[in-house]
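Asks: Attaching a single structure in structure tokens format; questions to follow.
The values are calculated or read from the model by the stated rules, or taken from the named source; none is laboratory data. Computed from a prediction, not measured in an experiment: that's the story for all the values here. Cβ placement follows ideal geometry from the backbone for every residue including glycine, while neighbour counts extend to all protein chains displayed.
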Amino acid sequence: MRRLGSGLGCGAISILTDDCPVAVAASVMAYFDRENAGQCGSCFNGTAAMSAVASALRDGWRPTTTSRAFNGGRWCCAVAAPAALDGATNIAASLLHQFPQAIARHLANDCQTCRAGAFEAVRPYEVEAVAQS
């Protein structure tokens with residue numbers, strides 16, 4: 001997997017079918033922001049910044065610092081070794097490198113899945129009912 005630019009991280013695997021990768025990444029980033037230990041400035045500031053950028057991107061805002069905010073966390077991982085920041089940085093890197101078309105759709109505010117409001121629950125830790133028309 002590493003040769004292909006991937007890894008298992010904590011061992012959690014999610015197969016995205018109809019889910020928008022930007023929305024899934026934003027939800028996971030929000031989890032890291034909520035659940036970090038709050039002990040290290042680079043960790044709680046880094047996860048908050050990456051979560052804010054991912055959420056703004058998901059919601060159709062055009063963040064001006066997407067790449068810088070996502071990539072900025074890398075140096076913190078080597079210095080302070082917070083696992084939450086490592087995890088958030090890995091999610092951001094995967095989103096940037098594996099889903100550039102999804103990012104482009106969001107930058108153009110053209111993701112039909114997210115515009116339909118499909119991601120109102122804080123995923124992946126809550127369940128919501130979706131009304132069928």
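Asks: Just for helices (runs of 4 or more DSSP H) wholly inside the range 81-126: which have at least 3 residues that are within 13 Å of the chain's Cα centre (by Cα), surrounded by fewer than 21 Cβ atoms within 10 Å (Cβ to Cβ) and modelled with pLDDT of 85 or more?
Replies: Because the criterion is at least 3 residues that are within 13 Å of the chain's Cα centre (by Cα), surrounded by fewer than 21 Cβ atoms within 10 Å (Cβ to Cβ) and modelled with pLDDT of 85 or more, the helices (runs of 4 or more DSSP H) in the range 81-126 that meet it are 83-98.
Asks: Tell me, which residue of the range 26-70 that is outside any helix (DSSP H, G or I) and closer than 19 Å to Leu85 by Cα is modelled with the lowest pLDDT?
Replies: To start, the set of residues in the range 26-70 that are outside any helix (DSSP H, G or I) comprises 36-40, 59-65.
Retained after the next criterion (residues that are closer than 19 Å to Leu85 by Cα): 36-40, 65.
Numbers: Asn36: 81, Ala37: 81, Gly38: 82, Gln39: 82, Cys40: 79, Thr65: 54.
Looking at residues that are outside any helix (DSSP H, G or I) and closer than 19 Å to Leu85 by Cα, I get Thr65.
Asks: Kindly list, by first and then second residue, each pair from a residue in the range 1-25 that is in a loop (DSSP other than H, G, I, E, B) to a residue that is among the small types (Gly, Ala, Ser) and modelled with pLDDT of 75 or more, limited to pairs with Cβ atoms under 8 Å and residues at least 6 apart or on different chains.
Replies: Filtered contacts from the range 1-25: Ser6/Ser94; Gly9/Gly87; Cys10/Gly87; Cys20/Ala102.
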